[in-house]
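Engineer: Quick one: the structure is below, and I'll ask about it shortly.
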Amino acid sequence: MLRLFLVMTAIVTFMCTSIEMSASNTTNEPPRINMISPQHLQYFEGPTFILIAADAFDIDGTVAKVDFYVNGVKIGTDTTYPYRSGTFLGSGKYEVVAVASDNDGDTSFARSRIKVKQQPYSFSN
């Protein structure tokens, strides 16, 4: 009878330990990000200043920062809402990317492709 009691105690202890371990095993959700400006396939006459703005949030933590890139070159970082940066661009095609990082180090991104076309010259008297 004592042997059965010890086996049952060991099983219950193992089950409780397993439950505690699985309850503490949580996963982090990455932040969510949406590009506000510029819009995808937006056209600009330039050279011009482009404001890059993104909306980011994290359902299980906080957004630590949003990094902004134009054609793979980092142009700025913002750590407070509203998340934004900007740069002057000449004529050409550009990929604008905003990367949100949360307090656990997970990231997500949003991107827009834009085109800047040289403004026509006008002469007036």
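The values are calculated or read from the model by the stated rules, or taken from the named source; none is laboratory data. Nothing here was measured: the structure is a model prediction, and the numbers come from that model. Virtual Cβ from ideal backbone geometry, glycine too; neighbours counted across all protein chains shown.
Engineer: Among Ser85, Ser112, Ser91, Ser108, which is of a type in the set (Gly, Ala, Ser) and within 23 Å of Asn28 (Cβ to Cβ)? Quick ask: steps written out before the conclusion?
Structural biologist: On the way: Ser85 fails: within 23 Å of Asn28 (Cβ to Cβ); Ser112 fails: within 23 Å of Asn28 (Cβ to Cβ); Ser91 fails: within 23 Å of Asn28 (Cβ to Cβ).
Testing whether each residue is of a type in the set (Gly, Ala, Ser) and within 23 Å of Asn28 (Cβ to Cβ) leaves just Ser108.
Engineer: Okay, moving on. Filter the range 44-54 for residues that are surrounded by 11 or more Cβ atoms within 10 Å (Cβ to Cβ) and in a strand (DSSP E or B) and give the result.
Structural biologist: Result: Phe44, Glu45, Gly46, Thr48, Ile50, Leu51, Ile52, Ala53, Ala54.
Engineer: Kindly check whether there is at least one residue in the range 74-96 that is in contact with a Lys or Arg (Cβ under 9 Å, 6 or more places away or on another chain) and of a type in the set (A, V, I, L, M).
Structural biologist: yes
Engineer: While we're looking at this one, here's another question. Please enumerate the residues belonging to the range 95-104 that are within 13 Å of Val116 (Cβ to Cβ) and either surrounded by 21 or more Cβ atoms within 10 Å (Cβ to Cβ) or of a type in the set (Gly, Ala, Ser) (or both). Spell out how you get there, then give the answer.
Structural biologist: The first filter runs over the range 95-104 and keeps only residues within 13 Å of Val116 (Cβ to Cβ), leaving 95-96.
Selection gives Val96 alone.
Engineer: Another one. Need pairs with beta-carbon distance below 7 Å; first residue closer than 24 Å to Arg113 by Cβ and within the range 41-68, second at pLDDT below 95 and polar (S, T, N, Q); sequence gap 6+ or separate chains.
Structural biologist: Close Cβ pairs satisfying both conditions: Glu45/Gln119; Gly46/Gln118; Gly46/Gln119.
Engineer: Restrict the check to the range 14-28 and report whether at least one residue is more than 30 Å from Pro120 (Cα to Cα), modelled with pLDDT of 95 or more and within 15 Å of the chain's Cα centre (by Cα). Please lay out each step first, then the result.
Structural biologist: So the first thing to find is which residues in the range 14-28 are more than 30 Å from Pro120 (Cα to Cα), and the list is 14-28.
Filter once more, so that each one left must be modelled with pLDDT of 95 or more: none.
Looking for residues that are more than 30 Å from Pro120 (Cα to Cα), modelled with pLDDT of 95 or more and within 15 Å of the chain's Cα centre (by Cα), one finds none in the range 14-28, hence no.
Engineer: Looking at (1) out of contact with any Pro (no Cβ under 9 Å at 6 or more places or on another chain); (2) closer than 15 Å to Ser108 by Cα; (3) of a type in the set (D, E, K, R), which is the one condition that is false for Lys74?
Structural biologist: Of the numbered conditions (1) out of contact with any Pro (no Cβ under 9 Å at 6 or more places or on another chain); (2) closer than 15 Å to Ser108 by Cα; (3) of a type in the set (D, E, K, R), the odd one out for Lys74 is (2).
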